[in-house]
Amino acid sequence: MFRVRSLAAVARNAPLALRASNNARIVQATRFYSAGHEEESFETLTERYVKFFDGVDDIFELQRGLNNCFAYDMVPSPTVIESALKASRRVNDFATAVENEGQYKQYLDELKAIKEELGVPTREELGI
């Protein structure tokens with residue numbers, strides 16, 4: 001009879017040289033995998049997230065998409081935000097769709113010292 005063992009069990013029972021060799025391959029494969037999105041253009045990312053949010057049909061997917069989108073080191077385009085707002089309305093996630101002025105004010109108050117240190121202007125100073 002054929003018995004399935006976990007990858008961890010196989011690795012524990014393998015000779016040390018084989019384990020080190022396999023670990024190096026796994027690390028190398030992980031590096032290649034994680035580097036996959038570096039070459040994605042801003043336009044492609046925008047298109048991908050607009051399409052994603054257009055297909056969202058529950059709150060979990062909306063929040064997961066927002067977390068993933070904001071994890072990139074850039075500000076999403078207005079079309080992505082528009083699509084996300086439409087999705088939040090579609091799934092009746094009122095809290096995501098509404099700007100909370102009180103929370104925004106708390107962030108500004110908490111970050112006031114560092115913003116002054118870095119010379120970051122406020123919305124009022126910018127006339128917004």
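The values are calculated or read from the model by the stated rules, or taken from the named source; none is laboratory data. These numbers come from a predicted model, not from an experiment. Note that each Cβ is placed from the backbone with ideal geometry, even for glycine, and that neighbours are counted across all protein chains shown. These area figures cover heavy atoms from the full protein model, side chains too; ligands, DNA and RNA do not enter into them. Shrake-Rupley method; radii C 1.70, N 1.55, O 1.52, S 1.80 Å.
At R0 = 22 Å, how high is the FRET efficiency between Glu110 and Asn67 if r is their beta carbon distance? Nearest 0.05 is fine.
So the FRET efficiency works out to roughly 0.55.
Quick check: net charge around Thr46, other residues with Cβ under 13 Å of its Cβ, Lys/Arg +1 and Asp/Glu -1?
In short, -3.
Need one value: the accessible area of Ser77 in square angstrom, 1.4 angstrom probe, rounded to the nearest 10.
10 Å²
Would the range 42-126 count as rounded, prolate or oblate if I go by the C-alpha gyration tensor, calling it rounded below 1.5 in a/c and otherwise prolate when a/b exceeds b/c, oblate otherwise? Don't jump to the answer; show the numbers that get you there.
On the way: a/c = 2.63, a/b = 1.68, b/c = 1.57.
Verdict is prolate for the range 42-126.
Any lysines with Cα under 19 Å of the Lys115 Cα? List them, leaving off those in the same chain fewer than 8 positions away.
Filter leaves Lys105.
In debye to the nearest 20, how big a dipole does the range 50-114 give about its Cα centre with +1 on each Lys and Arg Cβ and -1 on each Asp and Glu Cβ?
80 debye
Count the net charge of all other residues whose Cβ sits under 14 Å from the Cβ of Lys115, scoring Lys and Arg as +1 and Asp and Glu as -1. Each step should come with its number before you reach the end.
Numbers: positive: Lys105, Lys112, Arg123; negative: Asp109, Glu110, Glu116, Glu117, Glu124, Glu125.
That works out to -3.
Quantify, in whole percent, the carbon and sulfur part of the accessible surface of the range 45-128 (1.4 Å probe; protein heavy atoms only).
57 percent
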